[in-house]
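Engineer: Would you mind keeping the following structure in view while I ask a few things?
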Amino acid sequence: AGQALPPVLNCAAAPPLTMGALLQASGRDWAYGPARPGVVPVATLEVARLQALCPLPPATPEGLIAELAEVLR
């Protein structure tokens with residue numbers, strides 16, 4: 001609406017993915033540990049407004065790991 005964007009934007013894609021799915025897609029060995037007090041069990045970002053401005057294809061664990069690998073090249 002005529003305002004400048006902030007210097008950093010936090011973007012996300014739908015649907016929400018678990019960290020476990022991302023670790024599995026990356027081929028990492030991992031396992032859930034015991035539940036600990038104070039750990040946030042779920043954190044997601046609302047992306048409806050972003051999707052209205054810039055529709056993105058659905059996120060997949062494999063797709064995000066592939067994008068990360070490309071960025072880290």
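The values are calculated or read from the model by the stated rules, or taken from the named source; none is laboratory data. Everything numeric here is computed off the predicted structure, so don't read it as measured data. Methodologically, a virtual Cβ is constructed for each residue, glycine included, from the backbone with ideal geometry; neighbour enumeration extends over all protein chains shown. All accessible areas refer to the heavy atoms of the entire protein, side chains included, with ligands and DNA or RNA removed. Shrake-Rupley method; radii C 1.70, N 1.55, O 1.52, S 1.80 Å.
Engineer: Can you give the extra length, in nm with one decimal, that the chain gains between ALA59 and LEU22 once fully stretched, where that is 0.36 nm per residue apart less the Cα-Cα distance?
Structural biologist: Details: separation 37, 0.36 × 37 = 13.32 nm, distance 1.10 nm.
Contour length minus the Cα-Cα distance gives 12.2 nm.
Engineer: I'd like the carbon and sulfur percentage of the solvent accessible area for the chain, probe radius 1.4 Å, heavy atoms only, ligands and nucleic acids excluded. If you can, show how the numbers build up before the last one.
Structural biologist: Details: 4160 of 6680 Å².
Summing carbon and sulfur atoms, their accessible area is 62 percent of the total for the chain.
Engineer: Could you list the residues of region 3-19 with an amide nitrogen less than 19 Å from a label point located 7 Å from the Cα of ALA35 in the Cα-to-C-beta direction?
Structural biologist: Residues passing the 19 Å test: 18-19.
Engineer: Next question. Helix-derived [θ] at 222 nm for the chain: sum -39500 (n - 2.57) over DSSP H runs of at least 4, divide by residue count, nearest 500? Present the calculation step by step, with values, prior to reporting the outcome.
Structural biologist: Values: 3 runs with 24 residues, N = 73.
For the chain, the value works out to -9000 deg cm²/dmol.
Engineer: For the chain, treating each Cα as an identical point scatterer without solvent, what Debye log10 I(q)/I(0) comes out at q = 0.19, 0.27 1/Å?
Structural biologist: -1.01, -1.31
Engineer: Kindly report, to the nearest 10 Å², the accessible surface of VAL39 as traced by a 1.4 Å probe over protein heavy atoms only.
Structural biologist: Using a 1.4 Å probe on the heavy atoms, I get roughly 80 Å².
Engineer: Could you work out which residue, out of LEU53, LEU45, LEU23, moves most in a Gaussian network model of the chain, that is, has the largest mean-square fluctuation with Cα springs under 10 Å?
Structural biologist: LEU53
Engineer: Continuing with this model, one more query. Tilt of helix 61-71 relative to the longest C-alpha principal axis of the chain, in degrees (0 to 90, nearest 10)?
Structural biologist: With both axes taken from Cα atoms, the answer is about 70 degrees.
Engineer: Any idea of the accessible area per residue across the chain, 1.4 Å probe, to the nearest Å²? Could the numbers behind the result be given before it?
Structural biologist: Working: 6680 Å² over 73 residues.
About 92 Å² of surface per residue is accessible.
Engineer: About its Cα centre, what dipole magnitude does the chain give when the only charges are +1 on Lys and Arg Cβ and -1 on Asp and Glu Cβ, stated in debye to the nearest 20?
Structural biologist: 160
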